[in-house]
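Derivation of every value follows stated rules applied to the coordinates shown; laboratory data play no part. Values in this document were obtained by computation on a predicted structure and should not be read as measured data. Neighbour counts are summed over all protein chains in view; Cβ atoms, including those assigned to glycine, are modelled from backbone coordinates with ideal geometry.
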Amino acid sequence: MNRNRYVFMLLAAVAAGSLGGTFSRAALSSPPVLAQAPLPPKFAPKLLRAHAFELVDEAGHIRGVFAIGSDNAAAIRLYDTEGRVIWSTGRTGIQPAGTRR
């Protein structure tokens, strides 16, 4: 096979692969499932109830807790990157449910 024919075959193979990939993505892709799309505002909850809320950073470390303490009073605690309490309010101590400190 001479050089010109080799280059032509190589370019034809690249073009066919590109067209086939583009066509298959457009023709065979499925629509996103509900878990991939945000919920419309009409489905957003109007009330959220819980015994505790935990604020976590991107690594999953607990950085804050808003919860009901042992004396049934609301309490808030904020933690630094080392897990030490840097600010708290409330009459009782609270602990994050995920990682006891």
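Quick notes on this one:
- Evaluated with a Cβ-only charge set (Lys, Arg +1; Asp, Glu -1), region 41-89 carries a dipole of roughly 360 debye about its Cα centre, given to the nearest 20.
- With the charge dipole of region 41-89 set up from +1 on Lys and Arg Cβ and -1 on Asp and Glu Cβ about the Cα centre, the Cα lying farthest toward the positive end among the listed residues Val85, Ile68, Leu47 is that of Leu47.
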